[in-house]
Each structure stands twice: as structure tokens, then as C-alpha cells.
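Chemist: Please see the structure below; I have some questions.
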Amino acid sequence: MNMFPGSFDSAPNIANWFTINKDGTVRMVSGKVEIGQGINTAFVQIAAEELDIDPDRIEISAGNTKDGLDGGCTAGSQSMQTEGISVRKAASAARMLMLSKASELLQSDVRELNVIDGEIYLNDNPTNLSYWSIAKDIDFNQPVEIYMEPKLPAQRKLAGKSIKRIDLKNKILGTHEFVHDIELDGMLHARVVRPPSVSSRIIKIDIDKINTLKNLKKLVVNGSFIAVIAEREEDAVKLVQQVNKYCKWSTPNKIIEDPLQFIRDTKSPIINSLDKGKIDVLRSDGISTEVSRKFLCHASIGPCCAVAQWKGNTLEVYTHSQAVFAMKRTLASIFNIDENDVDVMHKHGSGCYGHNGADDVVLDAVLVAKELNGTPVRLVWSREDELSWSPLAPGMVTKIDANLADNLMIESFDISIKSPPHVKRPSGENGEYLLAAEHMSNPLNPPNPVDTPLDKGGAADRNSMPLYDIPNIRIQKQIVYDLPWRTSAMRGLGAFVNVYAIETLMDDIASMQEIDPIEFRLKHLSDPRIIELIERVRDISKWTDRISGLPKGFAFSRYKNSGAYCAMVVEINVDEDIELINAWAVIDAGEVVNADGVKNQIEGGIIQATSCTLIEEVNFDGEIISATDWENYPIIKFKQTPQIQVELIDRPEEPFLGVGEAAHGPTAAAISNALFTAMNIRIKQLPITRERIISSLNI
Amino acid sequence: MANKYSLTVNGQKHEIESDPDTPLLYILRNDLKLKGTKFGCGGGVCGACTVIMDGLAIFSCDTPIWSIDDKKIETIEGISKDGIHPLQELLIDEQAGQCGYCLSGIIMKVKAITDDDPTKSVDDIANELDRNLCRCGSQLRILNAVKKYLDGKS
């Protein structure tokens, strides 16, 4: 494993990470961006801990290709596990470098020095030195590796404390500048004119008529990419429909009646993800399940947005992309310009739960700006663009055949996963997978993406490997490339459905054997860390009255089998609809930096996953995506908010474990298991709607 | 055709020249540079654009300027201009938010409801927030802050 993960390969020196200013402030750079998860706050906290300064002194810059660090994509619950460690090492090195200088000046041993909020003390007595006074005489261009000396767990003071999010106050006051709020001198407004469906292309466009439209500053036509530019934003919005009346689009030639059945029937090549032990065919006393989920939308509240400006052959972009350096490389490649002539600056967007249209809207805005000779342009997607033109989370089918041994323990799991691709991110070449790249007059046809192998965290097969002691396991996946819709990563990727499959099957087997479902799992577990987690949630949820009180359900997973552990109990009410009343989650995220930050992620994850489990599904009319507004893609509402109790098992000696996606799979499975407790029915297709419950009751 | 409209925003009077059907949202954000009010859906369903007009919460994204001539508008910038509004203080205490994009609309809606009737319960407010969406899942924390706000009022 890389000893210096995250941005370290490109940023080996202390100066790459920290600038110590004489005014008592510290500028810090990180390679991961804030997408609503609070990562910048956690990084500031780690740095303040190692530097022995008040976190308020640190200003963090993240996701800026001008002077930032390339930490790769901010995704996969990886930021703490990779960049977090690098921040800690770099901050500790900055401290040690400054203390070495101070020890020279004071002619003392570095071990006699300590720091309180930047002031340097010798044998606990004040000196006239501080970081702020000595930094100017230090060359920080020195390797982190030489000076790093992170504190031992017992030496940490800020660790686990819930310092407040550094960006949230201004967001609550309404003064934070989101990407949508950027205003450059002379900036114009643009919107994209969309085809009726994903494979439609322009056949005819009446440009003469369009040019007579009031308030149209400019029409952009590049193949089937069509956009309008106006001085006023509301005019750009209005012009979209007016222009589309003069556009004739081709109709799709491929009609897929039932996308999930199409996925189920795929003939795509089988990829072996895991082959452990020996798999027999399903025996008559075995048990099988096949679960599926329909396609989902990211459904951020604020639509995707980008601001772009060409200055001659150089390009500047403001974006809420998760991967600014990949965007920089991708744009340079599409426009055939030098990478050094492209700068991509991250600004906060509306909530990001994976690969939504943030990258797509960048190319939209850049194509429009290209027509403007240096005038900047802001392009915001419409609500319909956001829901139906962002990549979708793919529909998916997971099947498990389980054989049981004579002692009623699980002998084997034979797991088959079928899914469209979960990862279609642009990485730098050929503008791969950007929406407008498919519509431009010279459309780019990137190859099908390779589904991430299971030993690298997996994608469709993420979390398909059960953590229970099962001697024989086979995991196979088939990636379905021949559906027309654009799909990419959404929170958890395949984990959502795979955890649903495993954890509902565990309950089904326990029920068949008339054993308590938690007891049944514990019989298949030997890892003390997992056992402690599960026993804790059993206690705090008062699991023993799971049948006499409101029906309860349990589920467990460890995200990616390498991130945070999550054990969950939920309590539901089954009336006209299913309502989640209570959720108890116990989380083991290794060393906790910001306890409230972890809880916030888990609470939010549970509420969002409840929405995905009970409400959300994309339907299709032929090729047309039905999700065009909040009426036909509803999400959870305030009145459906459950009570949630999150407990953390803090392990200061252990590495950080990412939590952002830990709650999703367990929430879905626990809700389904609670319904099974209540009504002895198993809903195998998500979302669990009233209609599906009624049809499974055959009434 | 551009007409002249007069509106008072956060106590300050503005004369605006605009097409009559221009949504208030764009006047606030682009003419008056009050960017705390957000675009979300354009159809009055998600609540991100909520502002208060003469005491009532409205969706600024589908309220045309002609309908608010001579009306008093309050936006997120107005409720904290003399310091932080108590509801905002409580939201900060509860760390009620993740991306924060929906918050300004939710704050304005809760303020309008509770200014009008301080005896409302948190369940009443959860019901009335039917057209204010949050995708990050901050509802529980927001409602906890609202509950403390109501407790402080009663």
C-alpha cells in the first residue's frame, strides 16, 4: 500500500501543504473538495491538532488547479483514509521543522520545546519565539518524510472533538458563495436546449427563425449540442422552449420495455470477482434470493452549474466537480490545448452524492464560452436537466444461492450481479463520458469503462463479499453496456443492492431456522470488532422487544469491506405506507476526528437511504426518462423524518475509516427486515412501495 | 416590454425596470445581488427560493414581478442584518446542514410560519415544510433546531 496516499505523490514537501504567515494565520492546501460532507473541517482539525494551534487560524484551499494539490477524485469515502493521513503527516512535519529552527535559536533540545497556539515554550516557559516570528526564516520546501512525527493517540487534544463546520455558519446566514452565485464582469447567462431523449440527435434547426427571437444574444449550435445565450438569466430560461420549437430531433430506434428485465437477461461476459472454496448447485434445502433496484436520480436540490471564460487560448472554469484536475486534463484534451492553459477552480455546489452532472455542465459552459470571445458565461441546468440528464444510478439485479451445511450453518454463497456501469467519470482523455461530448459535431466515442475490480473496492460488486464466516463463496458480475441511459457512481455504488441482498437473505435463513436474526449472524462471525458493534446496537435499540413493540429490523455491513463498520436497527410503522420511526446505528470508523461530523454523515445517510428505499425510482417511457420534476421524482419530506440515534465506537489507535457511504446498504436492508418481522413478506424489488407490498400479499 | 416596479426588500426601497413576468428570484439574485435566495426547481416545489412577502412565505422562482409591485419582501440577508437571527443561531448550534443549499429557503419558511403563529408545534411545521426539500438528509437536525426555537418562543 502507498505509504503516502492522497495528494502526496505530487506534493512531497511541507511547502506544498502549508504556508505559515507572520500575521498568525496558516494557509493550508488539500487535494479533496468540500461536497457537503464536512471534509475541509476535518482536515483543518487534523492540522490544528498536529500544529498545536487554534483551528480558527487555518484557512484551507481545496480543489484549485492553479496552486492546489491533485488528490484525485473526492469519492468513495476515501478522503479521510487517504488525504487525512497525508494532512496529519504534513502538519506534523511543519511543526517539527519549525521546532528545529526554534531549538537552534534557543540553543536547546527540540524535546524541551512545546507549542501553545503557535507560541513556542521552552521547558514550559514562554520564549520570544512563535511560528509567526520564525517562519519567514525557514525554507519549507523540505520533504515531509524527513520531519514528520505525528502525535501519538495519547498526545492528541482535539481528536474526537466536535468542532463546528467551518463553512456551515455562512451557509446558514445565506452569505456563502456557491458556484451558482459567482458573478464575473460582463457575465452572460446560458441554458442548453435538450433533445427529447438520450439518443435523439438534431435533424433540422431553423436558425433564421431562431435569430428573430427576442433577447437572444447568441445561439450556439455544435452538432446536436444547442444552447442559448442571453444577457438576463430569465431570458435564457425562456428561450430554451422557444428555440426547441424550431428544432427537429430524431426519434430513438431502440425501445426497451422493461429495463430491469433487460439487465436480468444480459448476455454480457461473466467476470469472476471471487472464487473461494467449492460451489455446489443450489440444493433442495438451500435458499435463494434475487433482489433488484430501479434506476435512481442524484436529485440535488440545486441543479448543476459552471462558470467558464476563455481568454484567447486559455480557459478558466468554476465548478463543483469532484475532480478538478481530471477536468483540467479532459478539457485540454477536448480542445486540444496545453494543460497549463486550463485552470479549474472548485466552488461549493449543492449536495453531491456521487457522479452527477457537475462535470457535464462544465463542458456545456465551456462550449458556450468558446463562442463568446472572452466574455464569461454562467450556465445552470434546469430542474429537468438535473433529474433526467445527470448520470443515473443504475438499476441492478443481485442474486444469491445459499446452501446450508448439516449443522445449519451457511456452507456457500453463490452470488451473481448484473448491472450497467457504476463509474463513468472523465479521467483526462478524449472527454470521455461527458454529456455534450456525445452531442458535439465530432462526437467522442469513448470505450466502455472497466468495472472496478473487487479487490480495489469493486463497483457493481462493491460489498458483495459477505463478512460472515462462509467457507465457500463465488462472486460473478456482468456489466450491461447496451442500455441507452447514462449511468455512473451514486453513493455506495453496488453496495446498496448487494448489502440489501446479503442482509435480507441472512434474515430469511434465520427465519427458516427459527433463530433470532442477530443471533444467527453472530454464529457466523468471529471478528471481535464486528461482534462488539452488533451487540452494542442490539443493546441500545432494545432489540429483545422487536416483535411485541413496533416491528424492528437489523442489518450490518462494513462499507467496501475496508471503510467504516455500521450496524443498524430500525423500527417501522406499517400503515397505509411504511414509515421509518426510529433508527439506531453504531459506527466504528476507527479513529474519529470530528464526532459530530461522523454523526451528521450517518444521520443524513439514513434519511437519504430511507428515501431511496421507500420512495425513489426512475421510470421510462420508451427511452424518455420520466423523472423531470419533483412531482414525478419525489423524495423524502420533512414530515417523514425519523428519530435517529448514532453511537460511535472510537478507536484512537486505529486508522481513519470513511463514513460517507456506510449507512446506505444497512438502512435499506434493515427496513426490509423490519417489514419481514411485521408481515412476514419479503419485498425483493426496491423501492418498497405500498403497491409492491399489496401485490406481494396477493390481495 | 419593460415596466417599472417598486418593491421594498429588507427595508430598502428599489425601483426595478423589468418585464412583468420576470420571476422575483432573478430580480433578487441578479439585479439586487441578494444571492442567499437559491434556484432549485423553478416550479415552486422544492422551496430553495422561499422569501417572505408581507409576512407570507412565497416561492420567488414562480412569483412574477408584476404581482409584487409595492410589496415588502424579506430575504435571508434581511433577517440577520442586525446580527444572527435566533433560528440561525440554533441551526448553527445543531450543525443542521450538510451542503446548505436548501437552508435559506427553509429558514424563511419557518420564520414566516412562526412569526404568524408562535404556538405551532414542531410537527405542524414539519407538515408545512411539505414543499421544502433537503437531499442531504439534514431534516432531523433542522427540526431539532426548530423545536428549540419554538421552546424559546413559548
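No value in this document is a laboratory result; all are computed from the given coordinates. Computed from a predicted model, the values in this text were never measured in an experiment. Every residue, glycine among them, receives a Cβ derived from its backbone with ideal geometry; neighbour counts consider all protein chains shown.
Chemist: Taking chain B as a Gaussian network, where each spring joins two C-alpha atoms under 10 Å apart, which residue of B:134, B:49, B:102 fluctuates the most?
Modeler: Maximum among the listed residues: B:134.
Chemist: If you rank A:189, A:664 by fewest surrounding Cβ atoms within 10 Å, what's the result? Can you show the working numbers first?
Modeler: Values: A:189 23, A:664 29.
Fewest-to-most ranking of A:189, A:664: A:189, A:664.
Chemist: Give a quick list of GluC sites (Glu not before Pro) in the range A:126-192 that DSSP marks as loop, anything other than H, G, I, E or B, with at most 16 other Cβ atoms within 10 Å.
Modeler: Values: sites: A:145, A:177, A:183; in loops: A:177, A:183.
Passing sites in the range A:126-192 are A:177, A:183.
Chemist: Dipole of chain A (Lys/Arg Cβ +1, Asp/Glu Cβ -1, origin at the Cα centre): which of A:513, A:10, A:309 lies farthest to the positive side?
Modeler: It is A:309, whose Cα lies furthest towards the positive end.
Chemist: Average partner chain C-beta neighbours within 10 Å, per residue of A:642-653?
Modeler: Shielding by partners across A:642-653 averages 1.
Chemist: If you don't mind, there's one more thing I want to ask. Report, ordered by chain and residue number, the lysines lying within cross-link reach of residue A:136, taken as a straight Cα distance under 30 Å and ignoring same-chain residues fewer than 8 apart.
Modeler: A:22, A:32, A:66, A:89, A:101, A:151, A:157
Chemist: Here's something else I'd like to know. Per-residue mean of other chain beta-carbon atoms within 10 angstrom of the beta-carbon, peptide B:101-112? Could you put the intermediate results ahead of the total?
Modeler: On the way: counts 12, 6, 7, 6, 2, 2, 3, 1, 1, 0, 0, 0.
Per-residue shielding by partner chains comes out at 3.
Chemist: Can you compute the charge dipole magnitude of the protein assembly as shown about its Cα centre, using +1 on each Lys and Arg Cβ and -1 on each Asp and Glu Cβ, nothing else charged? Give it in debye, rounded to the nearest 20.
Modeler: On the way: 92 positive and 119 negative charges, 232 e Å.
Taking the Cα centre of the protein assembly as shown as origin, the dipole is about 1120 debye.
Chemist: Of B:91, B:136, B:152, which is farthest along the charge dipole of the range B:86-153 in the positive direction, counting Lys and Arg as +1 and Asp and Glu as -1 at C-beta?
Modeler: So the residue we want is B:136.
Chemist: I've got another one for you. Report the antiparallel proportion of the DSSP beta bridges in chain A as a percent, rounded to a multiple of 5. Don't skip to the end; give the middle numbers.
Modeler: Details: 77 of 108 bridges.
DSSP beta bridges in chain A are roughly 70 percent antiparallel.
Chemist: Return, ordered by residue number, the residues of the range A:356-382 whose backbone nitrogen is under 11 Å from a label point located 7 Å along Cα→Cβ of residue A:441.
Modeler: So the set is empty, nothing qualifies.
Chemist: Output the peptides A:497-510, A:644-657, A:578-591 sorted from most to least packed, where packing is the average of other Cβ atoms within 10 Å over each peptide's residues. Please report the intermediate quantities before stating the final value.
Modeler: On the way: A:497-510: 25.8, A:644-657: 17.3, A:578-591: 23.4.
Ranked from most to least packed, the peptides come out as A:497-510, A:578-591, A:644-657.
Chemist: Continuing with the same structure: If the only charges are +1 at each Lys and Arg Cβ and -1 at each Asp and Glu Cβ, what is the size of the charge dipole of the range A:62-192 around the Cα centre, to the nearest 20 debye?
Modeler: Values: 16 positive and 18 negative charges, 131 e Å.
Rounded to the nearest 20 debye, it is 620 debye.
Chemist: With labels modelled as points extended 7 Å from the Cα through the Cβ direction, what inter-label distance (nm, one decimal) is found for residue A:575 paired with residue A:455?
Modeler: 5.3 nm
Chemist: Only bridges whose two residues both fall in the range A:6-172 count here: according to DSSP, what percent of them are antiparallel, nearest 5?
Modeler: Numbers: 11 of 16 bridges.
Of the beta bridges lying entirely in the range A:6-172, close to 70 percent run antiparallel.
Chemist: Could I ask something else about it? Roughly how many nanometres apart are two label points built 7 Å out from the Cα toward the Cβ at residue A:523 and residue A:254?
Modeler: Using points 7 Å along Cα→Cβ, the separation is 4.7 nm.
Chemist: Could the peptides A:691-698, B:78-85 be put in order, highest first, of the mean number of other beta-carbon atoms found within 10 Å of their residues?
Modeler: Averaged packing, sorted descending, gives the order B:78-85, A:691-698.
Chemist: Taking the Cα centre of each part, how many Å lie between the range A:496-519 and the range A:397-454?
Modeler: Cα centres, the range A:496-519 to the range A:397-454: 25 Å.
Chemist: Which of B:16, B:52, B:106 moves most in a GNM of chain B, Cα contacts under 10 Å?
Modeler: B:16
Chemist: Let me ask another. Calculate one ³J(HN,Hα) per residue across the range A:468-480 by plugging θ = phi - 60° into the Karplus curve 6.51 cos²θ - 1.76 cosθ + 1.60, and present them in order as whole Hz with x for glycine and proline.
Modeler: 7, 6, 10, x, 10, 9, 10, 10, 10, 10, 10, 9, 9
Chemist: Simple spin-label model, 7 Å along Cα-to-Cβ: residue A:532 to residue A:267 in nm?
Modeler: For the pair residue A:532/residue A:267, the computed spacing is 5.3 nm.
Chemist: Round to a whole angstrom and tell me the spacing of the C-alpha centers of the range B:101-137 and the range A:679-699.
Modeler: 33 Å
Chemist: With θ set to phi - 60°, apply the Karplus curve 6.51 cos²θ - 1.76 cosθ + 1.60 along the range B:53-60 and write out the HN-Hα couplings as whole Hz, x wherever there is a Gly or Pro.
Modeler: Residue by residue, the range B:53-60 yields 10, 6, x, 9, 6, 10, 8, 6 Hz.
Chemist: A further question on this structure: Once phi is turned into θ = phi - 60°, what whole-Hz ³J(HN,Hα) does the Karplus curve with 6.51, -1.76 and 1.60 give for every residue of the range A:184-192, x standing for Gly and Pro?
Modeler: 9, 4, x, 4, 9, 10, 9, 9, 9
Chemist: Using DSSP, restrict attention to beta bridges with both residues in the range B:3-79 and report what percent are antiparallel, rounded to the nearest 5. Let's see the in-between values first.
Modeler: On the way: 14 of 16 bridges.
Percentage antiparallel, nearest 5: 90.
Chemist: Given a Förster radius of 56 Å and the C-beta distance between residue B:33 and residue A:276 as r, what FRET efficiency does 1/(1 + (r/R0)^6) yield to the nearest 0.05?
Modeler: Numbers: r = 61 Å, r/R0 = 1.10.
Calculated value: 0.35.
Chemist: Then there's this: May I ask for the percentage of alpha-carbon pairs in the range B:3-79 that lie more than 14 Å from each other? Kindly include the intermediate steps, with their values, before the conclusion.
Modeler: Values: 1565 of 2926 pairs.
For the range B:3-79, the share of Cα pairs beyond 14 Å comes to 53 percent.
Chemist: Quick one: which residues, 5+ away or cross-chain, put their amide H under 5 Å from the amide H of residue A:656? H built at 1.01 Å from N.
Modeler: Correct list: A:591.
Chemist: For residue A:542 and residue A:407 in one chain, what is 0.36 nm times their gap in residues minus the Cα-Cα distance, to one decimal in nm?
Modeler: Numbers: separation 135, 0.36 × 135 = 48.60 nm, distance 2.92 nm.
Taking residue A:542 through residue A:407 to full extension adds about 45.7 nm, to one decimal.
Chemist: If neighbour count is taken as other Cβ atoms inside 10 Å, put A:385, A:341, A:9, A:621 in order from fewest to most. Don't skip to the end; give the middle numbers.
Modeler: Working: A:385 23, A:341 17, A:9 14, A:621 9.
With the sparsest Cβ surroundings first, the list reads A:621, A:9, A:341, A:385.
Chemist: Next up: Between residue A:104 and residue A:650, take the C-beta separation as r, use R0 = 51 Å, and let me know the FRET efficiency to the nearest 0.05. Before the final figure, lay out each step's value.
Modeler: Details: r = 38 Å, r/R0 = 0.75.
Computed FRET efficiency for residue A:104 and residue A:650 comes out at 0.85.
Chemist: Which entries of A:542/B:147; A:370/B:4; A:552/A:684; A:424/B:109 show an alpha-carbon separation above 28 angstrom in the structure shown? Walk me through the numbers before you get to the answer.
Modeler: Details: A:542/B:147 26 Å; A:370/B:4 35 Å; A:552/A:684 18 Å; A:424/B:109 38 Å.
Violating the 28 Å limit, Cα to Cα: A:370/B:4; A:424/B:109.
Chemist: Work out the length of the dipole vector of chain B about its Cα centre, built from +1 on the beta-carbon of each Lys and Arg and -1 on the beta-carbon of each Asp and Glu, and round it to the nearest 20 debye. It would help to have the intermediate numbers written out before the result.
Modeler: Working: 18 positive and 23 negative charges, 89 e Å.
Dipole of chain B, to the nearest 20 debye: 420 debye.
Chemist: Now for a different question. Classify the range A:6-172 as rounded, prolate or oblate from the Cα gyration tensor: take a ≥ b ≥ c as the square roots of its eigenvalues, call it rounded if a/c is under 1.5, otherwise prolate when a/b beats b/c and oblate if not. Mind showing how you got there, number by number?
Modeler: Numbers: a/c = 1.85, a/b = 1.56, b/c = 1.18.
In terms of gyration-tensor shape, prolate.
Chemist: Can you classify the protein assembly as shown as rounded, prolate or oblate using the Cα gyration tensor, where a ≥ b ≥ c are the square roots of its eigenvalues, rounded means a/c under 1.5, and otherwise it's prolate if a/b beats b/c and oblate if not?
Modeler: Numbers: a/c = 1.35, a/b = 1.06, b/c = 1.27.
Here the protein assembly as shown falls in the rounded category.
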